[in-house]
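The values are calculated or read from the model by the stated rules, or taken from the named source; none is laboratory data. Fair warning: this is a prediction, and the values are worked out from it, not measured in the lab. Every residue, glycine among them, receives a Cβ derived from its backbone with ideal geometry; neighbour counts consider all protein chains shown.
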Amino acid sequence: MSSIRVTVWNEFRHEKSDPKVTALYPRGIHGAIAEFLASQGFETRTATLDEPEHGLTQEVLNNTDVLMWWGHMAHGEVSDEVVARVHERVLAGMGLIVLHSGHFSKIFRALMGTTCNLKWREIGEKERLYVVEPGHPIAQGLGEFIEIPHTEMYGERFDIPAPDTLVFISWFQGGEVFRSGCCYHRGAGKVFYFRPGHETFPIFYQPEIQKVLTNAVRWAAPVAGPTVTFGHRPQPMEHVEPFLG
Ligand code: ZN
């Protein structure tokens with residue numbers, strides 16, 4: 001089997017403007033994610049907001065099996081044309097993994113059809129993500145829960161449609177809970193939203209988080225399913241004596 005082709009997209013702004021984030025992710029969040037995914041044998045590339053067409057040309061998308069999305073402060077700068085292009089590819093079978101603050105990205109909101117709003121707080125509290133679907137491919141190799149020592153809190157209600165499968169629920173030290181690992185099918189494509197990943201904490205270096213994202217890439221990759229046809233079918237598949245009234 002040829003390797004899965006992953007494109008890691010990042011708006012790549014915090015790393016340029018906040019020294020704390022620059023120190024944590026010197027090659028950008030996209031660079032850190034692409035590095036560990038490449039070590040798992042995936043064919044990885046990166047794309048960022050300030051590249052022409054945000055690095056997501058039709059050619060790049062046509063050669064992407066799974067697109068990973070990290071954005072936060074510049075969702076509004078992502079062109080509607082590129083969003084439509086990504087949306088079309090997801091419906092045609094490309095996997096999409098939306099990370100953390102990507103809940104407010106144009107592409108995630110378009111795919112969900114809701115506001116995707118939530119509660120949040122940034123005081124560096126602890127998070128415990130419980131695996132609530134232990135037989136799911138994304139839970140492969142994990143323990144019963146993952147602990148993140150310091151994180152930003154996201155709390156319910158998270159305004160999303162009920163996931164097809166909910167894989168993780170988070171508990172936060174401050175008392176809130178959150179649906180942190182949500183799987184959806186959209187057309188022929190699969191979408192996974194994964195909550196952790198705030199830019200000021202070393203979350204993407206944590207081995208269990210890398211494991212989740214590695215599993216998620218495998219789960220979201222397209223399968224060689226049937227080519228689906230739509231529309232008028234004048235010829236029945238079995239003999240039918242026409243009844244014209
Ligand atoms: Zn954040």
Residue within segment 134-155 that is closer than 18 Å to TRP69 by Cβ, within 13 Å of the ligand (Cβ to nearest atom) and among the aromatic types (Phe, Trp, Tyr) present: yes
Positions within segment 54-71 being part of a strand (DSSP E or B) and aliphatic (A, V, I, L, M), in sequence order: VAL66, LEU67, MET68
Do we find that ARG109 is over 29 Å from LEU56 (Cβ atoms) and not aliphatic (A, V, I, L, M) in this structure? no
Just checking, how many residues over segment 115-162 are assigned to a helix (DSSP H, G or I) and not β-branched (Val, Ile, Thr)? 2
Only one of these conditions is not met by GLU125: (1) surrounded by 14 or more Cβ atoms within 10 Å (Cβ to Cβ); (2) touching a residue at least 40 places away in the same chain (Cβ under 8 Å); (3) over 16 Å from GLY197 (Cβ atoms). Which number is it? (3)
Which residues, taken from segment 29-52, are within 26 Å of ASP18 (Cβ to Cβ) and either at pLDDT below 95 or among the charged types (D, E, K, R) (or both)? GLU35, ARG45, ASP50, GLU51
Do we have LEU166 as hydrophobic (A, V, I, L, M, F, W, C), part of a loop (DSSP other than H, G, I, E, B) and more than 16 Å from the ligand (Cβ to nearest atom) here? no
Select, from PHE42, PHE36, PHE104, the only residue that is among the aromatic types (Phe, Trp, Tyr), at negative phi and surrounded by fewer than 18 Cβ atoms within 10 Å (Cβ to Cβ). PHE104
Pick out the one residue from VAL82, VAL98 that is away from the ligand (no atom under 16 Å from the Cβ) and either surrounded by 20 or more Cβ atoms within 10 Å (Cβ to Cβ) or β-branched (Val, Ile, Thr) (or both). VAL82
TYR184 being in a strand (DSSP E or B), aromatic (Phe, Trp, Tyr), more than 16 Å from the ligand (Cβ to nearest atom) and touching a residue at least 60 places away in the same chain (Cβ under 8 Å): yes
Please find, among VAL167, VAL223, the residue that is of a type outside the set (Gly, Ala, Ser), surrounded by fewer than 17 Cβ atoms within 10 Å (Cβ to Cβ) and at negative phi. VAL223
Checking the condition more than 15 Å from VAL212 (Cβ to Cβ) and among the charged types (D, E, K, R), which residue from GLU133, GLU127, GLU144, GLU81 passes? GLU81
Of the numbered conditions (1) more than 18 Å from the chain's Cα centre (by Cα); (2) surrounded by fewer than 21 Cβ atoms within 10 Å (Cβ to Cβ), ILE148 satisfies every one except a single condition; which is it? (2)
All but one of (1) within 16 Å of the ligand (Cβ to nearest atom); (2) surrounded by 15 or more Cβ atoms within 10 Å (Cβ to Cβ) hold for PRO202, so report the exception by its number. (2)
